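Here the structure is laid out as structure tokens; the discussion comes afterwards.
The values are calculated or read from the model by the stated rules, or taken from the named source; none is laboratory data. Because the structure is predicted, anything quoted here is derived from the model rather than measured. Virtual Cβ from ideal backbone geometry, glycine too; neighbours counted across all protein chains shown. To get the accessible areas, we keep the full protein, side chains included, count just its heavy atoms, and leave off ligands, DNA and RNA. Shrake-Rupley method; radii C 1.70, N 1.55, O 1.52, S 1.80 Å.
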Amino acid sequence: MHMMYNTSVSEQLFAEAQQYIPGGVNSPVRAFSSIGGNPPFIRQANGPYLTDEDGNRYIDYVCSWGPMILGHNRPEVREAVAQACARGLSYGAATRAEVEMARLVCSLVPGVELVRMVNSGTEAVMSAIRAARGYTGRDKIIKFNGCYHGHSDCLLVQAGSGVMTAGRPGSDGVPAGCTADTLTATYNDLVGVKALFDANPGQIACIVVEPVAANMGVVPPQPGFLQGLRRLCDEAGSVLIFDEVITGFRLSPSGAAGYYKVQPDLFTFGKIIGAGMPVGAYGGRRDIMSVVAPLGGVYQAGTLSGNPVAMAAGLAQLTLLRENPQWYSELNATADGFFTEIQSILRERGLAYPVNHVGSLGCIFFTQQPVVNYEDAKTADTRAFASYCKYMLANGVYCAPSQFEAMFLSTAHTNAELDRTLEIMRNYFKRGSVNR
């Protein structure tokens, strides 16, 4: 049974937004077009809840796409931001907070010896790849189909292009030359990656990979995959970049690298290190990061990099996480139980949908086969997902409006919210309205 679900104010705002903003949104997935519907416009958030402009309240499993690992509007973070704002919003100059943030990141993540703050995950990955190219003097890079690393030109390669072919642009407006040196491989397929190295000897600057793929739904690395990438890079003198914009400081205090005990050469971070403010970072081995200006010839700059308000938010959240490492094991255990229960609900209904999850990240794939790569993910029934997503929304559960995004849990989600969510899921799948 649907709750009283009125969306009239959000609908008015969306209609007006479309007059002034492309598609009415400032990031495409917010348009809700992939599930067929209009987006709720959020007014405020607290703990595990969002409230929209119509007054509907939702249990939130997007968590601003990851950064709200401690829940929304955490008092310590909010207070740190208020204090920073009182001192001024931006200086375009060096600050104490930048030093403290850099020291904290380097202390938490083994292998980060130097770190540079930027303003987004896109900027972080773009800059890390430039540093890898500058360090190696090589041009070619390897990325994986279905892994998203931001919207810089060389990374918008059409997923699904053949493993042995150079990339083609996956967006209008990207010249073919920008992706000519981007090679694509299949996630979890070391044989294909080895073939790319063999076909391009001495030419590959780096591999860039999400250690847990979280932009084609959630696809964990199979045992040995990340270790195999490390070995291939070592053999070829190539740089291994872990894109930890989503997994950094979420899976463990040292991210996916610590969780899986695999050491990349460079890391990219975002999301959690800003606690909801716009921020990104890239860092890693001292010798590689020393090619970055002003130490070296790889240029990268930004007026708002290390913004004092963003640094204050990130410092407050990372400090809380550093001081309470047990929160990770508790959150991961809670999430494991939650996603395992979802799998049980599906099995009760005779549905073989895989529920892929690692720590507090998870995803239901609306397909009857295991999902270990992008081709598997694309077999999902997006219409069945859309029906499910709209039902959850109408019953007070906010999930990402795309089959190919993750669910995020926070430490603010209690058994009350999780049990309520499972009850709503159980009711949905009981209805027999699922495409099989």
Kindly indicate whether C147 is open to solvent by less than 60 Å² (accessible area, probe 1.4 Å) and part of a helix (DSSP H, G or I).
no
Flagged in segment 218-270 as more than 17 Å from G283 (Cα to Cα), out of contact with any helix residue (DSSP H, G or I) (no Cβ under 8 Å at 6 or more places or on another chain) and of a type in the set (A, V, I, L, M), in numbering order, are V218
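Please verify whether segment 229-239 includes one or more residues that are more than 21 Å from S64 (Cα to Cα) and in contact with a Cys (Cβ under 6 Å, 6 or more places away or on another chain). Explain how you work it out, then say what you get.
Looking only at segment 229-239, we keep the residues that are more than 21 Å from S64 (Cα to Cα), and these are 229-239.
Okay, now just the ones that are also in contact with a Cys (Cβ under 6 Å, 6 or more places away or on another chain), so 238-239.
Checked against the condition, which is being more than 21 Å from S64 (Cα to Cα) and in contact with a Cys (Cβ under 6 Å, 6 or more places away or on another chain), segment 229-239 yields at least one hit.
Which of the residues spanning segment 198-232 are free of Cβ contacts under 8 Å to residues at least 60 places away in the same chain and either of a type outside the set (A, V, I, L, M) or farther than 28 Å from G134 by Cα (or both)? First the steps, then the outcome.
Step one: of segment 198-232, the residues free of Cβ contacts under 8 Å to residues at least 60 places away in the same chain are 198-199, 201, 211, 221, 223-232.
Result: D198, P201, P211, P221, P223, G224, F225, Q227, G228, R230, R231.
Return the residues of segment 374-387 that are surrounded by fewer than 20 Cβ atoms within 10 Å (Cβ to Cβ) and either assigned to a loop (DSSP other than H, G, I, E, B) or touching a Phe, Trp or Tyr at 6+ places or on another chain (Cβ under 8 Å) (or both); say none if nothing qualifies.
Taking segment 374-387 as the starting set, the residues that turn out to be surrounded by fewer than 20 Cβ atoms within 10 Å (Cβ to Cβ) are 375, 378-379, 381-384, 386-387.
K378, T379, D381, T382, A384, listed by residue number.
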Is it the case, given these coordinates, that I141 is touching a residue at least 60 places away in the same chain (Cβ under 8 Å), touching a helix residue (DSSP H, G or I) at 6+ places or on another chain (Cβ under 9 Å), open to solvent by less than 60 Å² (accessible area, probe 1.4 Å) and part of a loop (DSSP other than H, G, I, E, B)?
no
Counting only residues that are among the charged types (D, E, K, R) and in a helix (DSSP H, G or I), segment 388-406 contains a total of 1
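Take R230 and tell me if it is modelled with pLDDT of 95 or more, crowded, with 24+ Cβ neighbours inside 10 Å and among the basic types (K, R).
Values: modelled with pLDDT of 95 or more: yes; crowded, with 24+ Cβ neighbours inside 10 Å: no; among the basic types (K, R): yes.
No, not satisfied.
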Please determine whether any residue of segment 101-109 is over 13 Å from A310 (Cβ atoms) and either outside any helix (DSSP H, G or I) or modelled with pLDDT under 95 (or both).
yes
Here the residues within segment 195-217 that are out of contact with any helix residue (DSSP H, G or I) (no Cβ under 6 Å at 6 or more places or on another chain) and either surrounded by fewer than 24 Cβ atoms within 10 Å (Cβ to Cβ) or part of a helix (DSSP H, G or I) (or both) are A195, L196, D198, A199, N200, P201, G202, Q203, N215
Within segment 61-89, the count of residues that are open to solvent by 60 Å² or more (accessible area, probe 1.4 Å) and either among the aliphatic types (A, V, I, L, M) or assigned to a loop (DSSP other than H, G, I, E, B) (or both) comes to 3
When segment 29-51 is checked residue by residue, the ones that are modelled with pLDDT of 95 or more and in contact with a Phe, Trp or Tyr (Cβ under 6 Å, 6 or more places away or on another chain) are L50
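What number of residues within segment 32-45 are within 21 Å of the chain's Cα centre (by Cα) and either within 25 Å of D419 (Cα to Cα) or open to solvent by less than 20 Å² (accessible area, probe 1.4 Å) (or both)?
Initially, segment 32-45 is screened for residues within 21 Å of the chain's Cα centre (by Cα), giving 32-35, 39, 42, 45.
Filter once more, so that each one left must be either within 25 Å of D419 (Cα to Cα) or open to solvent by less than 20 Å² (accessible area, probe 1.4 Å) (or both): 32, 35, 39, 42, 45.
Total meeting the criteria: 5.
Just checking, which of Y49, Y58 is within 23 Å of the chain's Cα centre (by Cα) and open to solvent by 20 Å² or more (accessible area, probe 1.4 Å)? Let's see the steps before the verdict.
Working: Y58 fails: open to solvent by 20 Å² or more (accessible area, probe 1.4 Å).
Checking each option against the conditions leaves just Y49.
Looking at this structure, is Y299 within 18 Å of the chain's Cα centre (by Cα), modelled with pLDDT of 95 or more and open to solvent by 40 Å² or more (accessible area, probe 1.4 Å)? Step through it out loud before you land on a result.
Working: within 18 Å of the chain's Cα centre (by Cα): no; modelled with pLDDT of 95 or more: yes; open to solvent by 40 Å² or more (accessible area, probe 1.4 Å): yes.
Taking the combined requirement at face value, the residue does not satisfy it.
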Among residues of segment 1-14 being touching a helix residue (DSSP H, G or I) at 6+ places or on another chain (Cβ under 8 Å) and at pLDDT 85 or above, the residue least open to solvent (accessible area, probe 1.4 Å) is F14
Quick count over segment 15-26, residues being in a helix (DSSP H, G or I) and open to solvent by 90 Å² or more (accessible area, probe 1.4 Å), is 5
Subset of segment 407-424, residues touching a strand residue (DSSP E or B) at 6+ places or on another chain (Cβ under 8 Å) and part of a helix (DSSP H, G or I), comes to E417, R420, T421, I424
Pairs returned, first residue in segment 14-37 that is among the hydrophobic types (A, V, I, L, M, F, W, C), second residue that is assigned to a helix (DSSP H, G or I) and open to solvent by 20 Å² or more (accessible area, probe 1.4 Å), beta-carbon separation under 8 angstrom, 6 or more apart or interchain, are A31/G23; I35/K390
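Out of R103, R130, I need the residue that is touching a residue at least 40 places away in the same chain (Cβ under 8 Å) and among the basic types (K, R). Which one?
Working: R103 fails: touching a residue at least 40 places away in the same chain (Cβ under 8 Å).
Checking each option against the conditions leaves just R130.
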